[in-house]
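All of the numbers you see were taken from the coordinates with simple rules; none came from a lab. Please read all numbers here as calculations on a predicted model, not as lab measurements. Glycine gets a Cβ as well: all are built from the backbone with ideal geometry, and neighbour counts include every protein chain shown.
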There are 2 protein chains.
Amino acid sequence: MLPEPIKKFVDLFSNLPSIGPRQATRLAFYLASLGKEQISQLAQSLAGLQQLKRCPSCFATYQNPEAQCLICLNSQRRRDVIMVVEKETDLVSLEKTKKFAGRYLVLGELRKTGLLEPEQKLRINSLKNLIKKEGGGQAEEIILAINPTTYGDLNAATLAQEFKDFAKKITRLGRGIPTGGEIEFADEDTLSGALSNRS
Amino acid sequence: MLPEPIKKFVDLFSNLPSIGPRQATRLAFYLASLGKEQISQLAQSLAGLQQLKRCPSCFATYQNPEAQCLICLNSQRRRDVIMVVEKETDLVSLEKTKKFAGRYLVLGELRKTGLLEPEQKLRINSLKNLIKKEGGGQAEEIILAINPTTYGDLNAATLAQEFKDFAKKITRLGRGIPTGGEIEFADEDTLSGALSNRS
């Protein structure tokens, strides 16, 4: 019933994690209504993602010609302080603060069960090996930058267990009242965090 | 901060109507994590949408080599019964019923103000001209297949006004209880419709 190019687009794009068949169909018809030039630009920008590589040390996506990403290559950054993040967008947000001068480990989104996927175990082992080789067996600090949600807490506990022999200190990001937030609406946990992190 | 190909992708894709910058960013990183072959397939399926044309009679997207879509070309279908739809996905859903043997006019999504956009006015005039030329000035029936929402009712009234001299009958899709729906939860309007459309 659908024109063949629409059907093909929908079949492929509705398999992507954040796009369902309905959104894919609407998107396909919208895209088809654009000019050829604009469609071609979009297709090229998608194909351009092929240029990206995955850093073998931190597993972040990168583009520079070297065999590692710019953060891992940067000798100004500490190698013995490692921030563990789930998503690359978390890494990007943290980098924007310009307050962190260590390295990263990108794990990929953690499951809601507290169990690690095989790829995540490989990445964790890769970091352990780096710490053994470069850090004399123990990093100074591993920061678990995992969301402070129920599932996040569970996953952070799993990760803390994994890394317990590989870092002198295992920390998480401080809890507190977000800028623009109101004390009245903060839950107990957040307020407890804000009290102990007061400055 | 973002790798250049990711940034370019996000810039272009977050301008599409149903995709925001956050979804575009997450999508970009996800796509970057796929194999080159898979990215290339997706890019090709997107580029494939360039092959589609817009039917000059009903304004639907089509692919066949002729100068009109297969529905408009089909001589088995009545030319004097026209279904006006907003979205092509509505057309696809209606075609799936196999209960309609007339033609279509695709208008594009109507605004919530009851006012028509210039492109929509052009399409309406194009249909009026077709009716003048082919239908002797009046179609047998124009069915306004517009959602039965408050905005939809407003827009349907605007369209009924537009077409009032161009069809013997102007109708809308019947209201009633949808299959799987429960009488208890149906609103008054739906129930009134269901009563007058009983079979």
For the pair A:D153 and A:K128, the simple spin-label estimate (label points 7 Å beyond Cα toward Cβ) gives in nm 2.7
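If I take every Cα pair under 8 Å that is 6 or more residues apart in the range B:51-120, average their sequence separation and divide by the length, what percent do I get for the relative contact order?
28
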Give me log10 I(q)/I(0) at q = 0.13, 0.16 Å⁻¹ for chain A, Debye formula, one equal scatterer per alpha-carbon, no solvent. -0.89, -1.09
Which percent, nearest 5, of DSSP beta bridges in the protein assembly as shown are antiparallel? 10
Whats the longest run of chain A with zero GluC sites (Glu not before Pro) that are DSSP loop and have at most 16 other Cβ atoms within 10 Å? A:110-181
What average number of partner chain Cβ atoms lie no more than 10 Å from the Cβ of the residues making up A:5-13? 5
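Taking N as the number of residues in the protein assembly as shown, what is its Cα Rg relative to 2.2 N^0.38 Å?
That ratio works out to 1.33.
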How far is B:G20 from itself in the other copies, in nm, if each label sits 7 Å out from Cα along the Cα-Cβ line, shortest first? 1.7
Under DSSP loop assignment and at most 15 Cβ neighbours within 10 Å, longest trypsin sites (Lys or Arg not before Pro)-free interval of chain A: A:1-76
The range B:93-163, relative contact order in percent, only Cα pairs under 8 angstrom and at least six apart counted: 32
Above 14 Å lies some portion of the pair distances; for the range A:4-51, what is it as a whole percent of all C-alpha pairs? 56
For the B-to-A rotation axis, chain B residue with nearest beta carbon and its distance in angstrom: B:A43, 2
Any idea what the A:E188 label distances to the other copies are, label 7 Å down the Cα→Cβ vector, nm, shortest first? 4.7
Residues with amide H under 5 Å of B:I146's amide H, sequence separation 5 or more or different chain, H placed in the peptide plane at 1.01 Å from N; which? B:L173
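Please report the orientation-averaged projected area of the range A:130-187, defined via the convex hull of its C-alpha atoms, in nm². Please list the in-between numbers first.
Details: hull surface 19.9 nm².
Mean orientational projected area (the range A:130-187, Cα hull): 5.0 nm².
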Taking a crude spin-label model, label points 7 Å out from Cα along the C-beta direction, the A:E66 to B:K98 distance in nm is 6.4
Please state the charge dipole magnitude for chain B, taken about the Cα centre, from unit charges on C-beta atoms (+1 on K and R, -1 on D and E), reported in debye and rounded to the nearest 20. 560
Quick one: of the DSSP bridges fully inside chain B, what percent are antiparallel, nearest 5? 10
Could you pull out the pairs from A:K132/B:K7; B:K7/B:K112; B:K99/B:K168; B:K87/B:K164; A:K53/A:K96; A:K121/A:K169 whose alpha carbons sit more than 26 Å apart here? A:K132/B:K7; B:K7/B:K112
Kirkwood-type radius of the range B:59-108, with distances r between different C-alpha atoms, in Å: 11.2
Counting pairwise Cα distances across the range B:155-199, what percent come out greater than 14 angstrom? 59
Taking the label point 7 Å from Cα in the Cβ direction, how far apart in nm is A:N74 from each other copy of itself, listed shortest first? 6.1
In nm, to one decimal, how far is the A:D187 label point from the A:E119 one, both placed 7 Å along Cα→Cβ? 2.9
Inter-chain shielding metric for B:26-37, i.e. average beta-carbon neighbours from other chains within 10 angstrom, reads 6
In whole Å, largest first, what are the principal axis extents of the Cα atoms in the range B:93-198? 48, 30, 24
